[in-house]
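The values are calculated or read from the model by the stated rules, or taken from the named source; none is laboratory data. As the structure is a prediction and not an experimental result, all values here were calculated from the model. Note that each Cβ is placed from the backbone with ideal geometry, even for glycine, and that neighbours are counted across all protein chains shown.
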Amino acid sequence: MKSTLRLVEPLAASGCHGAASVSSAQRKVGDSWGYSPKRVAFHKQGRSYTCIKCEQNAGDSSRVVYNNQAHLEREALQEKVVVSSLQGATPEDSICVDTKSSSRREDVLVEELSQRPESVDSNTNDGAGSNGNGYKALDESPLEAEAWRLLKKAVVSYCGQPVGTIAANDPTDPYPLNYDQVFIRDFIPSAIAFLLKGEHEIVRNFIHHTLQLQSWEKTVDCYTPGQGLMPASFKVQTVFLDREGVKETEEILQPDFGEAAIGRVAPVDSGLWWIILLRAYGKCTGDLTLQERVDVQTGIKMILKVCLADGFDMFPSLLVTDGSMMIDRRMGTHGHPLEIQALFYHALRCAKEMLHPEAHDLIRSVNSRLAALSFHIQEYYWLDIRKLNEIYRYRTEEYSSDAVNKFNIYPDQISRWLLDWLPEQGGYFIGNLQPAHMDFRWFTLGNIWSICSALATKEQSEEILTLVEKKWEDLIGTMPLKICYPTLEEDEWRIITGADPKNTAWSYHNGGSWPVLLWQFTLACIKMGRSDLAEKAVAIAEKRLSKDWWPEYYDTKSGRFIGKQARLYQTWSIAGYLTSKLLLKNPDAVKWLTCEDDEDAASISCVDMNPRRNPDLKPQGDRHIV
C-alpha cells in the first residue's frame, strides 16, 4: 500500500487530477487487485510510469494504472480481468492498482490493454489515422484509425528498418510461444495493407530478408531439407559479441523452418505466399527491379524446383503432409488439400509472369503443370448437386483408362449432412481428393483463393459465391468466416485429429471463425462483381472486432464467442480488416492481387499431352536450370 501512495503523491503534485481524486477506499480496492499482474495495464517510459488519463510521469518503480470503472463491466475472458483505457475518464472514475507483489517481469511491460475506438486521439503522433505519409486520411473511421495504430505497434525492426509484423501483440499472455515472431503467412495481409496505404518499404525489406533466409542451412535432427524451402517465421534477436576485448551487440534474424514448430510441421505455403507477394509488390509499386534481380530470380527458381520435382505421385496436385498450411495441426488435410493447390496454382501463375525469358525450359514446365492442375481441380474437385448425384450412383472397382469413377470413390462415403446441405444453386471445391477418398468438407481459403487465382472457371467462381450467399448463416454467422464446415465431432474428431484439445468441435481449425479470412473473401467478391457480399461481411465484423480486442478466432457454430485459446490483438485479424476496407475503397487494386484466365494453359489439351493418347508426342523430362 505504501508503494502505491508514493507514486500517487508525485502524480498529484505534478497536477494529475486523477491521482489527487483517488480516495483511500478506492486505493484499497485497487490494492486488492494487485496480486494478479496480468490484470493491469499502463504506460511505461523507461523507469517512469504514466497516468493514462493525464499522461503525467512519475519516477517511482511501483506499478499504477488509472481506470474508468464503466469499462470494468466488460466481461472477464479466460479468468483475466481486463482493465481498459482511461482516456476520457472522469476523476471520480479513477482507481489505483498496486502490483508491487508481481514477480513476472513480462507483465511489468504490459502496455495499454484495451483501446476503444472512441478513445483514439486524432492528435496522436504514431501515425494512426494518417496514411503514413504525413497527411490525414479524412475517410478513415475511428475503428480504422485504431486498427492502424495497433498494426504499426506490431511492426518489427531489424537494423533500424521495418521488416514485418509479429503474429500477435497480446499483453495478457505471459507465454507468447512463437506469436512474437514474424510469420510469412501471417504477414501477407499486413503487407497488402501497407502497399494499399502507400508504405512500400516494409514490404520490400520483408521480401529481401526472407529471401536471404531461404539459403540458410536447415537441419531437422540429422536431415537437411531442400534449399528452396522458405522459413515459416523468423525472429529478430540481439546477440552479444566480444571483439578484441570490446563488447558489442548485434541484431540477427533467427528463422524457423519448422524444426521448432509444434508438431514439426513443414511450411509448404510460405514459399507460395512469398512469390504471390513479390508479384503484388511489383504490380502495386511499378518497381520491377526487385523481381528482376539475379538473387530474386534464383529464389523463385529454387521454390519452383521443390514444387515441380518428380516424385511417386500420380497427380498434378501438390502432395503435402498434415499441418503444412494455415491449418497447421492434424485435421485430416494430408494428401492434396485444396488450399495448397490454389496457392500452388497462383504461385505458378505469378512466377511465370516474373521469370526471365531465358528460363524457357522452366517456363515450359510451369505451363504444362498449370494446364494439368487446372483440369484436375476443375474436373475432379468440383461438387454441385449434379455431381453429387453422379457420385451417389457411382459404380466401383472399375479397371479401365476410361473409368467414370477414376478414384474408386465409394458412394457410402458421402456424408449425411451434405445430402441436405448442398443447395440446388451453388457449388464448391471439395477439401481433398485421394484414391478412394473424398473430403467433402468446405474449406474457405481454398475456395476463395481458387477464385482469386482463376483456378476456378468463371462459372464455378460465381457458383462458389452463390453457395456462400445461400449458406450465409453457416459460413459467415455472427463473425466471418468459417475456416471449414462442418466440424469434426466425437469419434470422427478423436480419429482424425488425435483428440486434439485445441481443435474441439467448432473451435480453432475445426470449424472456428477466423476474421483474417475477411480480406481474401473481399478480394474474391470484388473480382466477381459481388462487392455487396463483402460489404455485408465487413459490417458484421466491425460490430465486434474492436470490442473483443481483435481476437485470433471465434468459437461455436455461429461464431458468438471469442476462441477459448485465442490470442488477443492478433495482427492478421487487424490487418485483414484494414485490407478489406482499403480494397472496397480502391477496387482497382484487385487486379494486382488476382489473375485472369490463363490463355496459354487453356490452349493446352490435357488429352493431347498424354503420350498414351497421342502416339506422336514423345515424353519430355522436366529440365530445371537453377
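For this structure, a couple of remarks:
- Within segment 204-253, the set of residues being of a type in the set (A, V, I, L, M) and surrounded by 11 or more Cβ atoms within 10 Å (Cβ to Cβ) comprises 207, 211, 213, 220, 229, 230, 232, 236, 252, 253.
- Taken over segment 528-573, the criterion of being farther than 18 Å from residue 190 by Cα and of a type in the set (S, T, N, Q) is satisfied by 531, 556, 558, 565.
- Residue check, residue 589 modelled with pLDDT under 95 and either crowded, with 16+ Cβ neighbours inside 10 Å or within 24 Å of residue 152 (Cα to Cα) (or both): no
- Check on residue 366, among the aliphatic types (A, V, I, L, M) and either touching a Ser or Thr at 6+ places or on another chain (Cβ under 7 Å) or loosely packed, with under 13 Cβ neighbours inside 10 Å (or both): no
- Complete set of residues in segment 254-271 that are surrounded by fewer than 20 Cβ atoms within 10 Å (Cβ to Cβ), of a type in the set (Asp, Glu) and outside any loop (DSSP other than H, G, I, E, B): 256
- Top-ranked residue in segment 416-446 [being hydrophobic (A, V, I, L, M, F, W, C), surrounded by fewer than 22 Cβ atoms within 10 Å (Cβ to Cβ) and out of contact with any strand residue (DSSP E or B) (no Cβ under 8 Å at 6 or more places or on another chain); ranked as nearest to residue 506 (Cα to Cα)]: 417
- Meets criteria (among the acidic types (Asp, Glu) and in contact with an Asp or Glu (Cβ under 9 Å, 6 or more places away or on another chain)) for residue 295: no
- Sole residue being more than 19 Å from residue 508 (Cα to Cα), of a type in the set (D, E, K, R) and touching a residue at least 24 places away in the same chain (Cβ under 8 Å), chosen from 473, 459, 463: 463
Residue-wise test of (1) modelled with pLDDT of 95 or more; (2) assigned to a helix (DSSP H, G or I).
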| position | (1), (2) |
| --- | --- |
| 127 | no, no |
| 140 | no, no |
| 145 | yes, yes |
| 185 | yes, yes |
| 199 | yes, no |
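- Members of segment 238-253 that are without any contact (Cβ under 8 Å) to a residue 40 or more places away in the chain and either under 16 Å from residue 162 (Cα atoms) or part of a strand (DSSP E or B) (or both): 238, 239, 240, 241, 242, 243, 246, 247, 248, 249, 250, 252
- Selection of segment 391-407 for residues being closer than 25 Å to residue 339 by Cβ and charged (D, E, K, R) yields only 406.
- Residue list for segment 272-325, filter: of a type in the set (S, T, N, Q), surrounded by fewer than 20 Cβ atoms within 10 Å (Cβ to Cβ) and either over 22 Å from the mean Cα position of the chain (by Cα) or not in a loop (DSSP other than H, G, I, E, B) (or both): 285, 289, 297, 298
- Filter result for the condition that a residue is out of contact with any His (no Cβ under 9 Å at 6 or more places or on another chain) and at pLDDT below 95, over 280, 266: 266
- Within segment 397-415, the residues that satisfy the criterion of being surrounded by fewer than 12 Cβ atoms within 10 Å (Cβ to Cβ) and assigned to a loop (DSSP other than H, G, I, E, B) are 397, 399, 400, 401, 402, 404.
- Here the condition is being touching a residue at least 12 places away in the same chain (Cβ under 8 Å) and within 24 Å of residue 579 (Cβ to Cβ); of 299, 286, 271, it holds for 271 alone.
- Matching residues in segment 141-175 - criterion: being within 15 Å of residue 191 (Cα to Cα), crowded, with 23+ Cβ neighbours inside 10 Å and either over 17 Å from the mean Cα position of the chain (by Cα) or hydroxyl-bearing (Ser, Thr, Tyr) (or both): 165
- If the condition is being touching a Leu at 6+ places or on another chain (Cβ under 7 Å) and free of Cβ contacts under 8 Å to residues at least 40 places away in the same chain, then segment 380-405 contributes only 388.
Residue-by-condition table, conditions (1) among the acidic types (Asp, Glu); (2) within 24 Å of residue 197 (Cα to Cα); (3) over 13 Å from the mean Cα position of the chain (by Cα); (4) assigned to a helix (DSSP H, G or I):
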| position | (1), (2), (3), (4) |
| --- | --- |
| 552 | yes, yes, no, no |
| 565 | no, no, yes, no |
| 573 | no, yes, no, yes |
| 576 | no, yes, no, yes |
| 583 | no, yes, yes, yes |
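- Any hit, segment 338-352, residues being surrounded by fewer than 18 Cβ atoms within 10 Å (Cβ to Cβ), in contact with a helix residue (DSSP H, G or I) (Cβ under 8 Å, 6 or more places away or on another chain) and in a helix (DSSP H, G or I): no
- The set of residues in segment 530-555 being hydroxyl-bearing (Ser, Thr, Tyr) and crowded, with 18+ Cβ neighbours inside 10 Å consists of 546, 553, 554.
- Among the conditions (1) surrounded by fewer than 20 Cβ atoms within 10 Å (Cβ to Cβ); (2) more than 27 Å from residue 584 (Cα to Cα), the only one that residue 201 does not satisfy is (2).
- Condition check for residue 489 on (1) touching a strand residue (DSSP E or B) at 6+ places or on another chain (Cβ under 8 Å); (2) surrounded by fewer than 24 Cβ atoms within 10 Å (Cβ to Cβ); (3) on the phi < 0 side of the Ramachandran plot: one failure, at (1).
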